Amino acid sequence: MMRYKLASLAKRPKGVAVALPAISASIGAETAYLKALRAALREMATHTREMIIPVAEREIAATKRMTVDMTEHDFTTLEVITSRLTASASAMVRRILNLEAKRHTDTFMASAKRVLGIDLAAAVRHEDLIDYLDTATARNVGLIKGLLDDTAKRIKGKVIDVVINSRSATVLRKDLTEQFALSDRRAKLIARDQISKLNSDLNRIRQVQAGVTSYEWMTAHDERVRPLHRSLDGVEYKYGEATGAEGGLPPGQPINCRCIARGIVKF
């Protein structure tokens, strides 16, 4: 990664400070991420409804305990499907992260051109982010695997509990519906939080690469901003310095945080 200093490339009087335009996380990227997770959960729900519930209902009707055949066959099939869906969703998310990184790079370069009159084509490349994107992708793959594996385990647990305890098929369907609702809420949180964290990391990487050492905490300026973060709006920090947010984290890093680090170029 080539290091450079915006303050040296741009011509401004000494003592002047220029705030770079804020680059927000992409709603489109978040939507695409959530769509990939929901597609996987939907296929798991379909398999559960068509292949697992009918067998469980027969067990309930016969007032028998769980059979070895159902445990080994139907649940093993669910595990195989879960593994395949994890790989598929992870590949889709990997593509989303790369596209979002490219969008961020293009936006950063366009902002520097518009605000400071600097062409960064010779200094900024998408390839600068390859190592970071590998790390970010691995983190996201872990989260996706955790979501789908946990969902599969909870499906199995609820089915076994209902059959062994001779509860009704109606209860089973209700329990599974609630479980998939919980998984969907978790998917929403993962998509929103990870795209926000990605944007936060990209802001830091590109600004530090450009010799920017300070930033201004900027909230989303709406009613959803948590009180603590509202109190930080406009506060200036240095990169690497603890902030007043949860755990001293920078904008976009606390869970579900939509705040942004707006870089300040000081001449």
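None of the figures in this text is laboratory data; all of them are computed from the coordinates on show. From a predicted model like this one, the values you see are computed outputs, not experimental measurements. So basically every Cβ, Gly included, is an ideal-geometry build from the backbone, and we count neighbours across all protein chains shown.
For the pair Thr76 and Thr107, a Förster radius of 51 Å applied to the C-beta separation gives a FRET efficiency near 0.65, rounded to the nearest 0.05. For Ile264, the amide hydrogen comes within under 5 Å of the amide hydrogens of Leu20, Ser214, Tyr215, Glu216, counting only partners 5 or more places away or on other chains and with H modelled in the peptide plane.
Residues in the stretch 154-164 carry Karplus couplings, in order, of 6, 4, 4, x, 5, 5, 4, 4, 5, 5, 4 Hz; the curve used is 6.51 cos²θ - 1.76 cosθ + 1.60 with θ = phi - 60°, and Gly or Pro positions show x.
Select from Ile195, Ile60, Ile155 the residue whose mean-square fluctuation is largest in a Gaussian network model of the chain (Cα-Cα springs shorter than 10 Å). Per the Cα network of the chain with a 10 Å cutoff, Ile60 tops the list.
Per-residue Karplus couplings for the stretch 114-131, computed as 6.51 cos²θ - 1.76 cosθ + 1.60 with θ equal to phi - 60°, are listed in order as 6, 8, 10, x, 10, 9, 9, 4, 7, 10, 10, 9, 5, 4, 4, 9, 4, 4 Hz, Gly and Pro entered as x.
Here the Gaussian network model covers the chain, with springs between Cα atoms less than 10 Å apart; of Ala112, Ala25, Ala191, Ala112 fluctuates the most. Normalising the average separation of contacting C-alpha pairs (under 8 angstrom, six or more residues apart) by the number of residues puts the relative contact order of the chain at 33 percent.
Most tightly packed first, judged by the mean number of other beta-carbon atoms within 10 Å of their residues, the peptides 197-206, 138-147 read 197-206, 138-147. For the peptides 237-243, 215-221, residues were scored by their other Cβ atoms within 10 Å and the scores averaged per peptide; the highest-first order is 215-221, 237-243.
Restricting to Cα pairs below 8 Å that are 6+ residues apart, what does the relative contact order work out to for the stretch 132-262? Please round to a whole percent.
Over the stretch 132-262, the number comes to 22 percent.
In the chain, helices alone account for a calculated mean residue ellipticity at 222 nm of -20500 deg cm²/dmol, with every DSSP H run of four or more residues adding -39,500 (n - 2.57).
Remark: the stretch 92-99, residue by residue, has Karplus-estimated 3J(HN,Hα) of 5, 5, 4, 5, 4, 4, 5, 5 Hz, where x stands for each Gly or Pro and the curve is 6.51 cos²θ - 1.76 cosθ + 1.60 at θ = phi - 60°.
Taking the Cα centre of the chain as reference, the dipole from Cβ charges on Lys and Arg (+1) and Asp and Glu (-1) amounts to some 740 debye.
With respect to the chain, whose longest principal axis is taken over its alpha-carbon atoms, helix 27-47 is tilted by about 10°.
Once C-alpha pairs closer than 8 Å and six or more residues apart are averaged by separation and normalised to the residue number of the stretch 223-267, the relative contact order reads 22 percent.
Peptides 248-254, 98-104, ordered by how many other C-beta atoms sit within 10 Å of their residues on average, highest first, read 248-254, 98-104.
What does the net charge come to around Ala121 if you take all other residues with beta carbon closer than 15 Å to its beta carbon, with K and R at +1 and D and E at -1? Show your work: numbers first, answer last.
Values: positive: Lys102, Lys113, Arg114, Arg125, Arg206; negative: Asp106, Asp119, Glu127, Asp128.
Spelling it out: positives minus negatives among the neighbours equals +1.
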